[in-house]
Amino acid sequence: MLRLKLALINNSCATIQIMRYTRTSGIILKRIKYKDTNKILTIYTKDLGKVSAKAKGVSKISSKKRSHLELLSLTDLYLVKTKPGYLITQAQLISPYKNIRDNFNKINYGYFILEVFDKLVEEENPNETLFAFLVKTLETFDSVDANEILPTLLNAYLVKILSLLGFYSNIKHSKLPENMNRYIQFLKANTYEDIFGNSKVVENTIQDVVENSFEFLKELVEDVTENRVKTALQF
């Protein structure tokens, strides 16, 4: 009888250990269909870093979690550790970045931002600075009304994330034409607010410089990841 009670206690403790959850906030980076109604999400979270998490039944129209787990969403999450990855037990939308979703031009920029982030950032390895940077980037793109500044903000995102992760090469940068050099250094040194507020610099930058800088920075991302960026953009 004593052995049976101990076995029950041990099994109970094991169950509690398995069902221990983590509450965190995260940005939905990618979704893959899994079986009929489930999806596997790639999420960059504040406390766990980049994780894969299963969302059961989320493809059903009746799913309560469906609208809280869209791409380009900042969501409050309850995650249970499983093998492999995590299981999403609860989700509550914090920010849908509606102005990005409702603007055809912006949403392509949003998808590009998520794809580059997913390619560059390793699994787990939490980094609150990187999480705050991604949130700030999406907030900035969500709040900007002028479409003409979006390419410059996207270039700023690319140079900043490459720098944050230690991938930005000053050697390659030094070989650029002088006008591109000055432009990229300006983006690297200033905040999004300062870039947006300095309309003269943005307006006086030749379109070719903006486009060539984008191709240069995108090529750096592809060199680092050894993988082509698939999201197509047209400036």
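The values are calculated or read from the model by the stated rules, or taken from the named source; none is laboratory data. Bear in mind that the values here come from a model prediction, so they are computed numbers and not experimental data. Cβ placement follows ideal geometry from the backbone for every residue including glycine, while neighbour counts extend to all protein chains displayed.
Which one is surrounded by the fewest Cβ atoms within 10 Å (Cβ to Cβ) among residues in region 80-120 that are of a type in the set (D, E, K, R) and over 19 Å from the mean Cα position of the chain (by Cα)? Result: LYS83.
Residues that are β-branched (Val, Ile, Thr) and at pLDDT below 95 within region 109-151 comprise VAL144, ILE149, listed in sequence order. All conditions but one from (1) surrounded by fewer than 19 Cβ atoms within 10 Å (Cβ to Cβ); (2) out of contact with any Gly (no Cβ under 9 Å at 6 or more places or on another chain); (3) part of a loop (DSSP other than H, G, I, E, B) apply to LYS30; the one that does not is (3).
Quickly run through region 27-84 and pick out the residues that are at pLDDT 90 or above and among the small types (Gly, Ala, Ser). Residues satisfying the conditions are GLY49, SER52, ALA53, ALA55, SER73.
Among the residues that make up region 163-179, is at least one of them of a type outside the set (Phe, Trp, Tyr), buried (at least 19 other Cβ atoms within 10 Å of the Cβ) and touching a Ser or Thr at 6+ places or on another chain (Cβ under 9 Å)? Looking through region 163-179, none of the residues is of a type outside the set (Phe, Trp, Tyr), buried (at least 19 other Cβ atoms within 10 Å of the Cβ) and touching a Ser or Thr at 6+ places or on another chain (Cβ under 9 Å). Screening ILE107 against (1) farther than 24 Å from ALA189 by Cβ; (2) hydrophobic (A, V, I, L, M, F, W, C); (3) outside any helix (DSSP H, G or I) leaves a single unmet condition, (3).
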